[in-house]
Amino acid sequence: MASTYPTSLDTFTNPTATSLLTSPSHSLSHSDLNDAVEALEAKVAIGNTVLGKYVAYTPTFPSGLTLGNGVVTSEYCRVNEFVHYWGRVVWGTTTSLSAAGLQVSLPISCDSTFAATTATIAGFVGIRDVSAGVTHTGVIRPVEGFPTTASLAVQNIVNTYLASAGITSTAPMTWASTDILVWSMFYQAA
C-alpha cells in the first residue's frame, strides 16, 4: 500500500503474537512503514530547525529604535504556515527612540493577504515603566506592503474608545534605563 499521508491517515494491519510472517506480509509491513516515514519527513521538511521548536532571532528596528547598549532577546516558532514571534528589549543608558513609528523586523515574511490592511492586529505589546511601576499595553501588526516588518503601537483613549498611537521617546512615558518593551504576535507566513 502506498502512503496516503498527508491527505489522510494511513491504516496499518498490526500482526499479533501468533501471526505468521505472511499474514500480514512481513515485507509489505516494512514497505508500508517506510512509505509512511518518508511521507512524514516530506511534510515536516529538513533544515536547521525542528518543527515547532523556538529558534533565537536577532531583529532589526527599521524605524524608531536605536538599541545602543540595550539588550534584545527574541525567538520564533514556525509550524507549517503558522508563526509565533516574541521579543523583549531592556533599555540601556544609550538606547533611544525617535519620533518616527517604532518598527521591528519579522523572522519570516508575512503573507500579503494577512497583512493587507492596517486594521490587522497580530499580537500585543507590553511596555514597563520600571521607575513608575506602571505597565502600558499596545498592539503589534504587520506593516501593509512590507511583509518583513511589523509596527508597534501603544493604546490610548480617543473619544471613550481605545485607539493605537505611536510609541515615541515620550509616549507612553519618557524611556529610561531598565524600562522594558515586550511583544508577542501570531501570523501567517508567506
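The values are calculated or read from the model by the stated rules, or taken from the named source; none is laboratory data. Predicted, not measured: the structure shown is a model, and the values here were computed from it. Using ideal geometry, Cβ is built from the backbone for each residue, glycine included, and neighbour counts are taken over all protein chains shown.
Among the candidates ARG88, ARG78, ARG141, single out the residue that is touching a residue at least 60 places away in the same chain (Cβ under 8 Å) and either buried (at least 17 other Cβ atoms within 10 Å of the Cβ) or out of contact with any strand residue (DSSP E or B) (no Cβ under 7 Å at 6 or more places or on another chain) (or both).
Going through ARG88, ARG78, ARG141 in turn, just one is touching a residue at least 60 places away in the same chain (Cβ under 8 Å) and either buried (at least 17 other Cβ atoms within 10 Å of the Cβ) or out of contact with any strand residue (DSSP E or B) (no Cβ under 7 Å at 6 or more places or on another chain) (or both): ARG78.
Could you go through segment 97-111 and let me know if any residue there is part of a strand (DSSP E or B), modelled with pLDDT of 95 or more, touching a Ser or Thr at 6+ places or on another chain (Cβ under 6 Å) and among the small types (Gly, Ala, Ser).
Yes, segment 97-111 contains a residue that is part of a strand (DSSP E or B), modelled with pLDDT of 95 or more, touching a Ser or Thr at 6+ places or on another chain (Cβ under 6 Å) and among the small types (Gly, Ala, Ser).
Within segment 144-166, track down each residue that is surrounded by 14 or more Cβ atoms within 10 Å (Cβ to Cβ) and either within 19 Å of the chain's Cα centre (by Cα) or of a type in the set (Val, Ile, Thr) (or both).
Passing the criteria: GLU144, PHE146, PRO147, THR148, THR149, ALA150, SER151, LEU152, ALA153, VAL154.
Please find, within segment 101-125, the residue that is surrounded by the fewest Cβ atoms within 10 Å (Cβ to Cβ) out of those that are farther than 19 Å from GLN155 by Cβ and aliphatic (A, V, I, L, M).
ALA116
Condition test on PHE186, is it under 17 Å from PRO59 (Cα atoms), surrounded by fewer than 17 Cβ atoms within 10 Å (Cβ to Cβ) and of a type in the set (A, V, I, L, M, F, W, C)?
Against the criterion (under 17 Å from PRO59 (Cα atoms), surrounded by fewer than 17 Cβ atoms within 10 Å (Cβ to Cβ) and of a type in the set (A, V, I, L, M, F, W, C)), PHE186 qualifies.
Among the candidates THR94, THR178, THR170, single out the residue that is surrounded by fewer than 13 Cβ atoms within 10 Å (Cβ to Cβ), modelled with pLDDT of 95 or more and over 24 Å from the mean Cα position of the chain (by Cα). Don't jump to the end; show me each part of the working.
On the way: THR178 fails: surrounded by fewer than 13 Cβ atoms within 10 Å (Cβ to Cβ); THR170 fails: modelled with pLDDT of 95 or more.
After applying the criteria, what remains is THR94.
Would you call ALA115 over 20 Å from THR95 (Cβ atoms), in the same structural domain as SER74 (by TED's automatic domain parsing) and either among the small types (Gly, Ala, Ser) or touching a Pro at 6+ places or on another chain (Cβ under 9 Å) (or both)?
yes
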